[in-house]
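The values are calculated or read from the model by the stated rules, or taken from the named source; none is laboratory data. The structure presented is a predicted model; accordingly, all values stated were derived computationally and were not measured. Here the Cβ is made from the backbone with ideal geometry for all residues, glycine too, and neighbour counts use every protein chain on show. To get the accessible areas, we keep the full protein, side chains included, count just its heavy atoms, and leave off ligands, DNA and RNA. Shrake-Rupley method; radii C 1.70, N 1.55, O 1.52, S 1.80 Å.
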Amino acid sequence: MTAAKYDVLGIGNALFDVLVQTDEGFLSRHGMSKGGMSLIDEARAAAIYRDMGPATQMSGGSAANTIVGIASLGARAAYVGKVRDDEIGRLYTHDIRAAGVSFETRPAASGPATGCSYILVTGDGERTMNTYLGAAQDLTPADIDADQVAASAILYLEGYLWDPKSAKEAFVKAATIAHQAGRQVALTLSDAFCVDRYRDEFLGLMRNGTVDLVFANEAELHSLYQTSDFDTALKQLRSDVGLAAVTRSEKGCVVASKQDVTAVPAYPIEKLVDTTGAGDLFAAGFLFGLSRGVGHENAGRLGSLAAAEIIQHIGARPQVSLKELARQSGLPV
């Protein structure tokens, strides 16, 4: 196997995040399901935006958040996602490159506008997402650079890619190239509602070896196996995939392989402000640790530390150097 140019390459829906703090009444008025992610059209996106208060805006998308976190830890990170050649698309491109991420996907010259995710954060820190995929859904197999995939030690894919048909095909193409090059393929299940839509297909990807590592939170795990019993679901997960990391909010995380299960505690926080990106940044820390060969427990600790940083402020971008934070916490970087 040749030496990797990138530690992690992420592929996902490139979405410009628009975050606002709001109340339960706003969710009710707009018929939103708290804590979930709904796909919306351009008209509904405009209606939500019109009714929102002052917002924080930044380049986003689940896998993009993870990749930016990995770059903050000091790893070599790259991202593939589709934006339109419009004002928001150019903002997106500048923003993610400024975070130290290689982003070379050719923007769409025509078609839908750059995708946006309208994220409503209630007082309890819970985030409710309304996503207009826009140009993101036009990611195709042609956007996958075989040399770039083969040159990446770990390929990281988001479950949300399974919504648009062409992106699904790009997902499978990239995973095939990665395995042919002897690389690892990781998948985040993304959202319990996403799992509901594609349960059998996700299980198929795990059982047929398309993915080697799965990230999930408790809700996604329960949805995947349609059981409310954590231990039952975890046992099934261990039989279906080689390695998995399951986040459990304040209970920390569980890293599960065929051989053993390791529980890692959550890092203490001063105040929960916004859960947006918690799972994404956990994956960043874990994948960084995996790329550095620090062992499953330390990888879990790195993930927990990154998640703790992100939930104490608005938005899914670290506000400090995660590499420095990890060093201060005595973790291997």
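In this view, the solvent-accessible surface of Asp124, computed with a 1.4 Å probe and all protein chains in place, comes to about 80 Å². Taking every protein chain into account, the 1.4 Å probe leaves Arg197 with about 100 Å² of accessible area, to the nearest ten. Most simply put, the chain has about 35% antiparallel DSSP beta bridges, counting only bridges with both residues inside it.
Amide H contacts of Gly10: Ala78, Tyr79, Val80, Tyr156, each under 5 Å away and 5 or more positions distant or on a separate chain (H built 1.01 Å from N in the peptide plane; Pro and chain starts excluded). Of the solvent-accessible surface of the chain, computed with a 1.4 Å probe over protein heavy atoms with every protein chain present, carbon and sulfur atoms account for 49 percent.
Against the criterion of solvent-accessible heavy-atom surface with a 1.4 angstrom probe, Phe286, Phe230 sort, most first, into Phe230, Phe286. The simple spin-label model puts a point 7 Å past each Cα toward its Cβ; for Val172 and Gln319 those points are separated by 4.4 nm. What's the longest piece of the chain with no exposed GluC sites (Glu not before Pro), counting a site as exposed if DSSP puts it in a loop and it has at most 12 other beta carbons within 10 Å? In the chain, the maximal stretch lacking such sites is 105-269.
Taking region 171-212 and a reference point 7 angstrom along Cα→Cβ of Glu104, the backbone N atoms nearer than 20 Å belong to 171, 173-184. Largest GNM mean-square fluctuation across Val214, Val121, Val320, computed for the chain with C-alpha springs under 10 Å, falls on Val320. Whole-Hz Karplus values for region 225-240 come out as 9, 6, 9, 8, 8, 4, 5, 5, 5, 5, 4, 5, 4, 5, 7, 9 Hz, taken residue by residue from phi with 6.51 cos²θ - 1.76 cosθ + 1.60 and θ = phi - 60°; glycine and proline positions read x. Take the Kirkwood radius over Cα pairs of the chain, plug it into Stokes-Einstein at 37 °C and 0.692 mPa s, and you get 168 µm²/s for translational diffusion.
When you filter the trypsin sites (Lys or Arg not before Pro) in region 241-274 for DSSP loop state and at most 14 other Cβ atoms inside 10 Å of their Cβ, you are left with Lys258, Lys271. Restricting region 29-114 to trypsin sites (Lys or Arg not before Pro) that sit in a DSSP loop and have at most 16 other Cβ atoms within 10 Å of their own Cβ leaves Lys34.
For the residues Lys168, Lys173, a 1.4 Å probe over the protein chains yields an accessible-area ranking, largest first, of Lys173, Lys168. Protein-only accessible surface at a 1.4 angstrom probe places the residues Asp191, Asp138 in the order Asp138, Asp191, largest first. Rolling a 1.4 Å probe across all protein chains gives Ile96 an accessible area of roughly 0 Å².
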